[in-house]
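Asks: The structure is given below, and queries will be raised subsequently.
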Amino acid sequence: MTVRLDAETLANIPDERGHFGPYGGRFVSETLMSSLLELEAQYEKLKNDPRFQEEFDQDLADYVGRPSPLYFAEHLTRKVGGAKIYLKREDLNHTGAHKVNNTIGQALLAKYLGKPRIIAETGAGQHGVASATVAARLGLECVVYMGAEDVQRQALNVYRMKLLGATVKPVTSGTRTLKDAMNEALRDWVTNVDDTFYIIGTVAGPHPYPKLVRDFQSVIGREARLQCLEKEGRLPDALVACVGGGSNAMGLFYPFIEDANVKMYGVEAGGHGLSTGQHAAPLCAGRPGVLHGNRTYLMEDDNGQIMATHSISAGLDYPGVGPEHSWLKDIGRANYVSATDEEALSAFHTLTRVEGIMPALESSHAIAYAMKLAGEMDRDQVIVVNLSGRGDKDIHTVANLDGIDLF
Amino acid sequence: MSRITSCLSALKDAGKAALIPYVTAGDPNPSATVGIMHTLVEAGADIIELGVPFSDPMADGPVIQLACERALEHGTSLRDVLNMVAEFREKDQKTPVVLMGYLNPVEAMGMDHFIEKAKQAGVDGVLTVDLPPEEADEVVPVFREAGLDAIFLLAPTTTNERIKSAVAHGSGYIYYVSLKGVTGSSALNIEDVSQQLTRIRSLTDMPVGVGFGIKDAESAAAVSKVADGVIVGSALVNTIAENADSSESMHEKVKSLIGSMRSAMDQ
């Protein structure tokens, strides 16, 4: 299937019902439909409202600290001995990850919609922290749902959320991870739909979320495009980003989508290896289905039950993926690959040692694949990797794996 | 006329509301389900909603989530559920059976294959919680052709425009979700329900079943005064869970809960 990705085609992706080809849509129970329709209508209006855009841009500049630098990782490049590796430094954003770009945007929407309460789901805790942060600033009540297992492995972020005034609710149903946190957030929303805004952290969920999260995160790719042109006088040859739900990847990819010569690589969590079944790589090893309000690639068994996933990184430990990625995969515009726990951990150590930059374990998956890819490319070629978050939150996990007891 | 439509119209002629219990198939174990279905009918059920267990029941509260988990621990699949319906039909050709669940297990089986097998098994209607009318354009005609009723949900938040769309797509009955929340939520407000039903009835003649928040004979009786059908789920599933250790007392308690609702509704 070949789709010409010109501006006209892209303007209709997603279509008015939120479909990216066969993916996306709005598969939720009836109670939520009116809220989704209201959100869509308000978003379409505000998106073109100069006041809203100005406020968003101002917050990104003065509160988040944008633009984030595009850093030439000279030492990593030399070590690998191939294409030039640039890092888009989303780890330098306020709160330490790309997630805040989206929560700033959605909290503004909540404000314009007059909703005094926000809820969020979180895996690694980055989106939870970013939501709690904007809630503190805007004086909104904030409840964050987090899988009980993730509460354990991301204790630092749980405490950060509490310091920010948010209530963290551990979710003990199902597999006790991100997917169950999302189920619980949807249950909260259906119950408190009148006064509550649900800040979804990734480019998944029912329409219009995949679209609006993509739009808010696209600042990453817009900046990277200009910065690469400034530094290299041309566009990059390849983009690399990790994919859990896929918001940092979508944010980097989207502004390059019409540039057919820019290759895109989304790196999924290979866990213990794709052949073991213990991973979180629906695009590499799953099939299309319906979960959490959208049709997309999923990890499911033959009976359509969603499978437990595994990844070293809580933020990638999710059985679904944003519907636009599913579409980009099918039409061949983006490539989806995987990196194992071991490869990600090794990349974590390498980047820390050679560049003095400690990446989040999520982003370490992208670093791992970029190193592999750079080695296969020419020295005059350029790769931009989205360094989506910083690794402080993962120190416990890394120490445990290295057999060190921190506290 | 479908089995559901003729059942509801006969009740209407008799001046009665339908009692529609929900149980999760495979809970507490797969071999118990058909027996429970027969007990429900004996106790006065008119239509049975049989839940298809799903790993991620987003619209359900803790009671039905746990029922799904128990059923899935026993490996209950959609195919198993269809076999249960077929077994139920060996003794009962009269009581309509509606499958209620989420879209993914149906799609994993393949929609066309599912419809064919559901028809063969003796299923009468299908309610897919996460399939709103606008995503159902393609499947509704296939359901119609197979003689299966597609049942859609309405909620307190549903606009008049969407009511019209649900009615145009659906058949059999409309399931009105009495409150904003998940299954097993606190008690419904009968005044609100009554007002909403007046609004819905101004837009359609289709029978309306009301569910969510009906937990005992009293709430069932109150709802039966305003609705065509009374749907009871979590209270029943909870009764099954609490008595799962003894099949005998489970059937007794189920019979007593449903029986008390039946008599309160018919008074």
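The values are calculated or read from the model by the stated rules, or taken from the named source; none is laboratory data. Just so we're clear, the structure is a prediction, and the values are computed from it rather than from any experiment. All Cβ positions, even for glycine, are placed from backbone atoms using ideal geometry, and neighbour counts span all protein chains on display. Ligands, DNA and RNA are excluded from the accessible area calculation, which covers all protein heavy atoms including side chains. Shrake-Rupley method; radii C 1.70, N 1.55, O 1.52, S 1.80 Å.
Asks: Roughly how big is the A-B contact, given as buried accessible area in Å² (both sides, 1.4 Å probe, nearest 100)?
Replies: On the way: alone 15620 and 11700 Å², together 24420 Å².
When A and B are taken together, about 2900 Å² of accessible area is lost.
Asks: Among residues other than residue A:369 whose Cβ falls under 14 Å from its Cβ, what is the net charge (Lys/Arg +1, Asp/Glu -1)? All intermediate terms of the calculation are to be shown ahead of the outcome.
Replies: Values: positive: A:263, A:372; negative: A:268, A:341, A:342, A:343, A:362, A:376.
Charge balance near residue A:369 sits at -4.
Asks: Send over the per residue convex hull volume for the range A:55-125, Cα only, as a whole number of Å³.
Replies: Details: hull volume 8.0 nm³, N = 71.
Looking at the range A:55-125, the number lands at 113 Å³ per residue.
Asks: Amide H of residue A:19: which non-local residues (sequence gap of 5 or more, or other chain) have their own amide H closer than 5 Å, using H built in the peptide plane?
Replies: Amide H neighbours of residue A:19, under 5 Å, 5+ apart: A:25.
Asks: Explain nothing, just compute: Karplus ³J(HN,Hα) = 6.51 cos²θ - 1.76 cosθ + 1.60, θ = phi - 60°, for every residue of the range B:186-193 in order, whole Hz, x for Gly and Pro.
Replies: Each residue's phi maps through the Karplus curve to give 5, 4, 7, 9, 5, 4, 4, 4 Hz.
Asks: Now for a separate question. Determine the dipole magnitude for chain B: charges of +1 sit on the beta-carbon of Lys and Arg, -1 on that of Asp and Glu, nothing else is charged, the reference point is the Cα centre, and the result goes in debye to the nearest 20. Write down the numbers at each step before the final one.
Replies: Values: 21 positive and 36 negative charges, 140 e Å.
Value, rounded to 20: 680 debye.
Asks: Give me the percent relative contact order of the range B:1-119, please, defined on Cα pairs under 8 angstrom at least 6 residues apart. If you can, show how the numbers build up before the last one.
Replies: Numbers: 142 pairs, mean separation 36.2, N = 119.
Contact order relative to length: 30 percent.
Asks: Rolling a 1.4 Å sphere over the protein heavy atoms, what is the accessible area per residue of the protein assembly as shown, to the nearest Å²? Numbers along the way, then the final one.
Replies: Details: 24420 Å² over 674 residues.
Accessible surface, normalised per residue, equals 36 Å².
Asks: Once a ≥ b ≥ c are taken as the square roots of the eigenvalues of the Cα gyration tensor of chain A, is the result rounded (a/c under 1.5), prolate (a/b larger than b/c) or oblate (a/b not larger than b/c)?
Replies: Values: a/c = 1.32, a/b = 1.19, b/c = 1.11.
Judged from the Cα gyration tensor, chain A comes out rounded (a/c under 1.5).
Asks: How much accessible surface area, in Å² rounded to 10, belongs to the heavy atoms of residue A:75 with a 1.4 Å probe?
Replies: 80
Asks: So how far, in whole Å, is the C-alpha centre of the range A:103-143 from the one of the range B:38-101?
Replies: Spelled out, the Cα-based centre of one part sits 39 Å from the other.
Asks: Related question: Across every pair of different alpha-carbon atoms, what Kirkwood hydrodynamic radius in Å does the range B:121-267 reach? Show your work: numbers first, answer last.
Replies: Working: mean 1/r = 0.0610 Å⁻¹.
This gives a value of 16.4 Å.
Asks: Compare A:335, A:261, A:248 in a GNM of chain A, Cα atoms joined below 10 Å, and give the one with the largest fluctuation.
Replies: Among A:335, A:261, A:248, the largest GNM mean-square fluctuation belongs to A:261.
Asks: Now, a different point. Only protein chains counted, 1.4 angstrom probe. Which residues of the range B:159-208 are at least 30 Å² less accessible in the assembly than when their chain is isolated?
Replies: Correct list: B:162, B:180, B:181, B:182.
Asks: Taking the alpha-carbon distance from residue A:263 and a cut-off under 29 Å, which lysines remain once sequence neighbours fewer than 8 residues away in the same chain are dropped?
Replies: Within the straight-line cut-off, residue A:263 pairs with A:47, A:79, A:84, A:88, A:99, A:211, A:231, A:329, A:372.
Asks: Right, here's the next one. If DNA, RNA and ligands are ignored and the probe is 1.4 Å, what is the ranking of A:150, B:46, A:402, B:245 by accessible area, most exposed first?
Replies: Details: A:150 0, B:46 30, A:402 80, B:245 160 Å².
Ranked list, largest accessible area first: B:245, A:402, B:46, A:150.
Asks: So which aspartates and glutamates pass the test for residue B:119, namely a Cα distance under 12 Å, with those fewer than 8 places away in the same chain ruled out?
Replies: The qualifying aspartates and glutamates are B:145, B:149.
Asks: So for the range B:3-266, averaging the separation of alpha carbon pairs under 8 Å that are six or more residues apart and normalising by length, what relative contact order in percent results? Each step should come with its number before you reach the end.
Replies: Details: 500 pairs, mean separation 60.3, N = 264.
In percent, rounded to a whole number, it is 23.
Asks: A further question on this structure: Among DSSP beta bridges whose residues both lie in the protein assembly as shown, state the antiparallel percentage, nearest 5.
Replies: On the way: 16 of 76 bridges.
Taking every DSSP beta bridge with both residues in the protein assembly as shown, the antiparallel ones total about 20 percent.
Asks: Another question, if that's okay. At 222 nm, what helix-only mean residue ellipticity would chain B give, in deg cm²/dmol to the nearest 500, using -39500 (n - 2.57) for each DSSP H run of four or more?
Replies: On the way: 12 runs with 132 residues, N = 267.
Roughly -15000 deg cm²/dmol at 222 nm, from the helical runs in chain B.
Asks: Right, here's the next one. Tally Lys and Arg at +1 and Asp and Glu at -1 over the other residues with C-beta under 12 Å from the C-beta of residue B:71: what net charge comes out?
Replies: Neighbourhood net charge equals -3.
Asks: Still on this structure, I have one more. Take chain A, connect every pair of alpha-carbon atoms lying under 10 Å apart with a spring to form a Gaussian network, then pick out the residue of A:174, A:201, A:105 with the largest mean-square fluctuation.
Replies: A:174
Asks: Got a sec? Charge dipole of the protein assembly as shown, +1 on Cβ for Lys and Arg, -1 for Asp and Glu; which of B:72, B:169, A:48 is way out at the positive end?
Replies: The Cα lying farthest towards the positive end belongs to A:48.
Asks: How high is the relative contact order of the range A:121-169? Use alpha-carbon pairs under 8 Å, at least six apart in sequence, and give a whole percent.
Replies: 46
Asks: Can you list residues from other chains, or at least 5 along the same chain, whose modelled amide H is less than 5 Å from the amide H of residue B:154?
Replies: B:175, B:176, B:177
Asks: Ok, one more. Return the tail of the calculated pair distribution for the range B:3-266, meaning the percent of Cα-Cα pairs more than 24 Å apart.
Replies: Details: 14705 of 34716 pairs.
The calculated P(r) of the range B:3-266 puts 42 percent of pairs beyond 24 Å.
Asks: Report, to one decimal in Å, the Kirkwood hydrodynamic radius for the range A:178-298 based on all distinct Cα pairs. All intermediate terms of the calculation are to be shown ahead of the outcome.
Replies: Numbers: mean 1/r = 0.0620 Å⁻¹.
Over the range A:178-298, the inverse of the mean reciprocal pair distance is 16.1 Å.
Asks: Now for a different question. May I ask you to find the residues of the range A:293-316 that are shielded by at least 10 Å² of accessible area once the whole protein assembly is considered instead of their isolated chain (probe 1.4 Å)?
Replies: Buried-area filter returns A:295, A:300, A:302, A:303, A:304, A:305, A:306.
Asks: Need the C-alpha centroid separation for the range A:12-67 versus the range B:155-234, integer Å.
Replies: One Cα centre to the other: 31 Å.
Asks: Okay, moving on. Listed highest first by mean packing, meaning other Cβ atoms within 10 Å per residue, what order do A:208-214, A:395-401 come in?
Replies: On the way: A:208-214: 25.7, A:395-401: 15.6.
Packing order, densest peptide first, comes out as A:208-214, A:395-401.
Asks: Then there's this: Would you kindly find the accessible area of residue B:151, with a 1.4 Å probe and non-protein molecules such as ligands, DNA and RNA excluded, rounding to the nearest 10 Å²?
Replies: Surface open to solvent at residue B:151 totals about 0 Å².
Asks: Just to make sure I understand: if all protein chains stay in place, what is the order of A:254, A:23 by accessible area at 1.4 Å, largest first? If you can, show how the numbers build up before the last one.
Replies: On the way: A:254 50, A:23 10 Å².
Ranked from most to least accessible, the order is A:254, A:23.
Asks: Placing +1 at every Lys and Arg Cβ and -1 at every Asp and Glu Cβ, with all other atoms neutral, what dipole size does the range A:325-396 have around its Cα centre, in debye to the nearest 20? Intermediate values should be presented prior to the final figure.
Replies: Working: 7 positive and 11 negative charges, 30 e Å.
Magnitude of the dipole: close to 140 debye.
Asks: Once the piece of chain linking residue A:380 and residue A:137 is laid out straight, how much longer is it, given 0.36 nm per residue of separation minus the C-alpha distance between them?
Replies: Details: separation 243, 0.36 × 243 = 87.48 nm, distance 4.48 nm.
Separation in residues times 0.36 nm, less the Cα-Cα distance, equals 83.0 nm.
Asks: So how do A:176, B:199, A:78, B:144 rank on accessible area, 1.4 Å probe, biggest first, that is with the largest at the start? Could you put the intermediate results ahead of the total?
Replies: Numbers: A:176 105, B:199 65, A:78 155, B:144 125 Å².
The ordering from most to least exposed comes out as A:78, B:144, A:176, B:199.
Asks: Which net charge results for the neighbourhood of residue A:19, defined as the other residues with beta-carbon distances under 11 angstrom from its beta-carbon, given Lys and Arg at +1 and Asp and Glu at -1?
Replies: Overall, the nearby charge balance is -1.
Asks: When the accessible area of the range A:168-246 is split by element with a 1.4 Å probe, what percent falls to carbon and sulfur?
Replies: Details: 990 of 2060 Å².
Carbon-and-sulfur percentage of accessible area, whole number: 48.
Asks: Can you send over the solvent-accessible area of residue B:38, 1.4 Å probe, protein chains only, in Å² to the nearest 10?
Replies: 40
Asks: Quick check: at a probe of 1.4 Å, how many percent of the accessible area of the range B:3-266 sits on carbon and sulfur atoms?
Replies: Numbers: 4810 of 9840 Å².
Its accessible area is 49 percent carbon and sulfur atoms.
Asks: Can you pull the mean other chain C-beta count within 10 Å for peptide B:62-69?
Replies: Numbers: counts 3, 0, 0, 6, 1, 0, 3, 2.
The shielding value for this peptide is 2.
Asks: Same structure, new question: Looking only at A:222, A:234, A:153, which one moves most when chain A is put into a Gaussian network model with springs between Cα atoms under 10 Å?
Replies: A:234
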